[in-house]
Amino acid sequence: MVRLLNVYTISAFAALGGALFGFDISSMSGIIGTDQYQNYYANPLGARQGAITSTMAAGSLVGALASSFVGDRLSRKVSIQIGAALWIVGAIVQSASTGVPMLIVGRLLAGLCVGLTSSLVPIYQSEIAPRKIRGRIVSLQQFAITWGIMIQYFIEYGCSFLDSTASFRVPWAIQAVPAVVLLIGLFWFPKSPRWLASKDHWEEALRVLAFLRSPTNDINDPLVLAEYKEIEDQIRAERDEQSNSYRELFSRKMRKRVVLSMAIQMWSQLSGMNVMMYYVVYVLKSAGIANSMLASAVQYIINVVMTIPSILWTDKWGRRPALLIGAIVMGFWLFVIGGLLMQFGEPNPQLDQPYTWIVVGHPAATRAILACSYLAVATFAVSWGPVGWMYPPEIVPLRIRAKSVALATATNWASNFALGFAVPPLLRSIQWRLFFIFGGFNVAAFVHVWFAAPETKRRTLEELDEVFEYGEPLWRSFLGRRESNTLDMLARDIEVGVLKIGRPSHVEATNAIPENVHSNTSMP
């Protein structure tokens, strides 16, 4: 019988933090094209609309930078709860806003939440997941993001028919609901066993591991003990080194990994996906599509559906192929969109619109642009979307993981802020050339991943410390040939009595695991 509370359900529930990220992305896309919003906020265009949209990303940047300290000090779980509380306050302020300044404050508060949760949810998921399904577990974050985007957009689409300010106040208020559920529900979920071990809560760490890995909560299960032993050995080695984690972030040994994790997050933003998410209504109207709100809805459905293959098979086909193929294919679609707009577009005679280039009288070109937009979103959803979140926590050791992921996520939000602010005026100034720029970014991402990013699938988080030490060119690891089996070997040794787990030698006896803990210990 499958237990209700397991790694999948815990990770899926924590992924509500990702859903808040999704609500953020579409909190503007379904509203900025409505007359109600434009009339109430005095038709914000260009840099003014960019400032409103990007304020959420500015708050997220601050939240992401703070997540390393908060997550290490208070635990991943408690920090996610703090983020949920901030989101609730931000949603209330946005829905009650009486002008642009108050709206910006509300989006800034909500952004602090998204910065915390977008950093810490993938860490929490990766630290509770077995290595063989870690990619699948962490990709639940991206799946939740896509659901958040779609749900919020359809709420906004339905409310757009209300002929009052309720058309945008109701969606902004409703987005507090998942945060309330997340805040309350997490009280019944365990903390990360790796975080517990790093704080010398060894007995609780072992019980949580048994709860996550053994159907009977058996702390003497060989696989449970093997994973515990690996965590113990890593923490002992880290304490023996007595390293300063802040200084180590950019040490010669770690610099390449930290920069790579930051680059992966940056490229995921520069892929052009945010143009298709934040400002898709503008893009489709510029392409000559009359009912752009409905056409955008189809895009969000595609985003959800195409994330599913990545959840199911990323642990089989690997991270590296997904990033490489995703970058080159998405770049192709963006080049096609830019070329079609260049060939069949013309200056927009209505200068008070957010776009100054429009396709008129070319229905085949309009349909082709729409199709390429859908295909670009589908490509991102199956590649960079989920892999961009699972990769950064995988390539750094526990002692600097929260800080490294915080920097990576901060890079994501810095890029997000720049794009959110710059895209509206760029759509008015350089028009179709914008898509060529994003296509070029994808080509650059392909080159960087080819030469710098190794395959990480099916390795334990501890084993990945060794990946960068092999000395062979990283581009040769396209298929991730050297698959790990360390845990299986440890488990076999424990089972036959070759290796025994005793009292942790690096902690005091009061914090150590008792020698004879009964196997029926249950989850606290």
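What length, rounded to one decimal in nm, is gained on full extension from Val360 through to Val89, with 0.36 nm per residue of separation minus their alpha-carbon distance?
Working: separation 271, 0.36 × 271 = 97.56 nm, distance 4.42 nm.
Extending this stretch completely gives an extra 93.1 nm.
As I understand it, the value is the acute angle between the Cα axis of helix 486-495 and the longest principal axis of the Cα atoms of the chain; what does it come to in degrees, rounded to 10?
30 degrees
Nearest 10 degrees is fine. How inclined is helix 16-29 to the longest principal axis of the chain, computing both from alpha carbons?
Tilt relative to the chain: about 10 degrees.
Ignoring any ligand, DNA or RNA, what whole percent of the accessible area of the chain comes from carbon and sulfur when the probe is 1.4 angstrom? Intermediate results must be reported in sequence, preceding the final value.
Values: 12990 of 19850 Å².
Ligands and nucleic acids excluded, carbon and sulfur give 65 percent.
R0 = 35 Å: FRET efficiency of Ala237 with Trp313, Cβ-based, nearest 0.05?
Values: r = 34 Å, r/R0 = 0.97.
With R0 = 35 Å, the Cβ-Cβ based efficiency is 0.55.
Would you mind checking the pairs Lys229/Lys256; Lys132/Lys229; Lys199/Lys457 and listing those with alpha carbons more than 25 angstrom apart?
Values: Lys229/Lys256 28 Å; Lys132/Lys229 18 Å; Lys199/Lys457 28 Å.
Over 25 Å Cα-Cα: Lys229/Lys256; Lys199/Lys457.
Helix 222-241 versus the longest principal axis of the chain: what angle, 0 to 90°, nearest 10, using Cα atoms?
With both axes taken from Cα atoms, the answer is about 80 degrees.
Can you match Cα Rg over 2.2 N^0.38 Å to one of these, [x] 1.11; [y] 0.95; [z] 1.00, based on a calculation from the structure here?
Label of the calculated value: [z].
If you count only protein heavy atoms with a 1.4 Å probe, what accessible area per residue comes out for the chain, rounded to a whole Å²?
Working: 19850 Å² over 524 residues.
Value returned for the chain: 38 Å² of accessible area per residue.
Assign unit charges at the C-beta atoms only (+1 for Lys and Arg, -1 for Asp and Glu), then state the dipole size of the chain relative to its Cα centre in Debye, rounded to the nearest 20. Let's see the in-between values first.
Working: 44 positive and 36 negative charges, 121 e Å.
Here the size comes out at about 580 debye.
What is the distance in Å between the Cα centres of segment 261-276 and segment 321-342?
Computed from Cα coordinates, the inter-centre distance equals 13 Å.
Between Trp450 and Tyr246, what FRET efficiency comes out of the Förster formula 1/(1 + (r/R0)^6) with R0 = 25 Å and r the beta carbon distance, rounded to 0.05? Kindly include the intermediate steps, with their values, before the conclusion.
On the way: r = 31 Å, r/R0 = 1.24.
Working from the Cβ atoms, E equals 0.20.
Residue separation times 0.36 nm, minus the C-alpha to C-alpha distance between Val181 and Asp352: what's the value? Let's see the in-between values first.
Details: separation 171, 0.36 × 171 = 61.56 nm, distance 4.17 nm.
Extending this stretch completely gives an extra 57.4 nm.
Translational diffusion coefficient, Stokes-Einstein: compute it for segment 48-92 using the Kirkwood radius over C-alpha pairs as Rh, at 10 °C and 1.306 mPa s, and state it as an integer in µm² s⁻¹.
Rounded to a whole number, D works out at 138 µm²/s.
The values are calculated or read from the model by the stated rules, or taken from the named source; none is laboratory data. Please read these numbers as outputs of a predicted model, since none were measured by experiment. Methodologically, a virtual Cβ is constructed for each residue, glycine included, from the backbone with ideal geometry; neighbour enumeration extends over all protein chains shown. For the accessible areas, the whole protein counts, side chains as well, though only heavy atoms, and no ligand, DNA or RNA atoms are used. Shrake-Rupley method; radii C 1.70, N 1.55, O 1.52, S 1.80 Å.
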